[in-house]
């Protein structure tokens, strides 16, 4: 039988671990459970050692962010499949079974995520992953069940199993060899959109990325950094530009990058109108960082495109999700 390691990255999450780790221990069967600690200064380590002997603790010795934390932790773990699981996720009985079955039966599939519902509103999808992730022609991410801030109710409409473009970092099972083949997450991203970048690389290297509605978890969401926090705004806008610069074709990039940056400025204006001054400034802070690091990004772009020149377009929405949502008032997008 394939070996599975469930790996939870923790940073000052004593309360979250106490609330959510029991369900992981109860419902994860023969999987090994690891908590990788990103230099916490609260009582997380004491709690783990005194209350949760079933979980192995990996002390990383500092806060390396989501990307660096997982990269360092997974180098120390031997397993066929890794499950990357946020510390604020409640899992359900046999949640690992459908995910493992897909990878066991389909060697061309590199990663898979479950249905992700809201812990607070249990009949609604959750922002981070929902019914599987996609991008549009400009690289804007969205999910089945969540487009921008519109969240769908779970009515069984995404109980299927199908290919997607990206799987959520809140809960994803990935083949360990595929994770290391691509050197894990890009640590320059630090946090946010790193799973999209990794899945983009998986797509480029002739692997499929999948979703299974037969497995379900409940995500609290924004457990470490709230959805409206200025730092999250900065990371999302900065990393979004980095992703399309690394992955889009040369001709595409010539016109899509200026268009994407222009739409970012419109988003900044929207922040300003709403009185969100820090979010407004962080859009331009993100752009300044992006433009100041084009040299390093160009080297990454050349390495990726040199090794994996193209990627399939079937799971990319051909339209503009921002126009679909704000101009055409479409609250969900049906991806073929």
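Couple of notes before you dig in:
- Residue within the stretch 159-167 that is in the same structural domain as residue 143 (by TED's automatic domain parsing), over 19 Å from the mean Cα position of the chain (by Cα) and free of Cβ contacts under 8 Å to residues at least 60 places away in the same chain present: yes
- Residue check: residue 168 meets all listed conditions (1) buried (at least 21 other Cβ atoms within 10 Å of the Cβ); (2) out of contact with any helix residue (DSSP H, G or I) (no Cβ under 9 Å at 6 or more places or on another chain); (3) not in a strand (DSSP E or B) but one, namely (2).
- Tabulated pairs, the stretch 100-126, first closer than 13 Å to residue 151 by Cβ, second exposed (fewer than 15 other Cβ atoms within 10 Å of the Cβ), C-beta under 7 angstrom, 6+ apart or interchain: 123/153; 124/153
- Selection from the stretch 311-336 of residues that are part of a helix (DSSP H, G or I), under 22 Å from residue 249 (Cα atoms) and either out of contact with any helix residue (DSSP H, G or I) (no Cβ under 8 Å at 6 or more places or on another chain) or at pLDDT below 80 (or both): 321
- When residue 59 is tested against (1) modelled with pLDDT of 95 or more; (2) buried (at least 19 other Cβ atoms within 10 Å of the Cβ), just one condition goes unmet, and that condition is (2).
- Pick from the stretch 188-218, criterion over 14 Å from the mean Cα position of the chain (by Cα) and in a helix (DSSP H, G or I), ranking: farthest from residue 106 (Cα to Cα): 188
Rundown of residues vs (1) surrounded by 15 or more Cβ atoms within 10 Å (Cβ to Cβ); (2) touching a residue at least 60 places away in the same chain (Cβ under 8 Å); (3) more than 23 Å from residue 130 (Cβ to Cβ), yes/no style:
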residue: 173; (1), (2), (3): yes, yes, no
residue: 184; (1), (2), (3): yes, yes, yes
residue: 220; (1), (2), (3): yes, yes, no
residue: 258; (1), (2), (3): no, no, yes
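- For the stretch 98-129, filtered to residues that are assigned to a helix (DSSP H, G or I) and in contact with a strand residue (DSSP E or B) (Cβ under 7 Å, 6 or more places away or on another chain), the residue that is nearest to residue 207 (Cα to Cα) is 103.
- Restricting the stretch 144-158 to residues that are in contact (Cβ under 8 Å) with a residue 24 or more places away in the chain and part of a strand (DSSP E or B) leaves a set whose member that is farthest from residue 248 (Cα to Cα) is 153.
- The stretch 268-284, subset touching a residue at least 12 places away in the same chain (Cβ under 8 Å) and surrounded by fewer than 16 Cβ atoms within 10 Å (Cβ to Cβ), residue nearest to residue 231 (Cα to Cα): 278
- For residue 22: the one exception among (1) more than 20 Å from residue 3 (Cβ to Cβ); (2) in contact with a helix residue (DSSP H, G or I) (Cβ under 8 Å, 6 or more places away or on another chain); (3) modelled with pLDDT of 95 or more: (2)
- Subset of the stretch 47-70 (residues that are free of Cβ contacts under 8 Å to residues at least 12 places away in the same chain and either out of contact with any strand residue (DSSP E or B) (no Cβ under 8 Å at 6 or more places or on another chain) or part of a loop (DSSP other than H, G, I, E, B) (or both)): 50, 53
The values are calculated or read from the model by the stated rules, or taken from the named source; none is laboratory data. Just so it is clear, the model here is predicted, and its values are computed rather than measured. Heads up, the Cβs are rebuilt from the backbone with ideal geometry, glycines too, and the neighbour counts pull from every protein chain shown.
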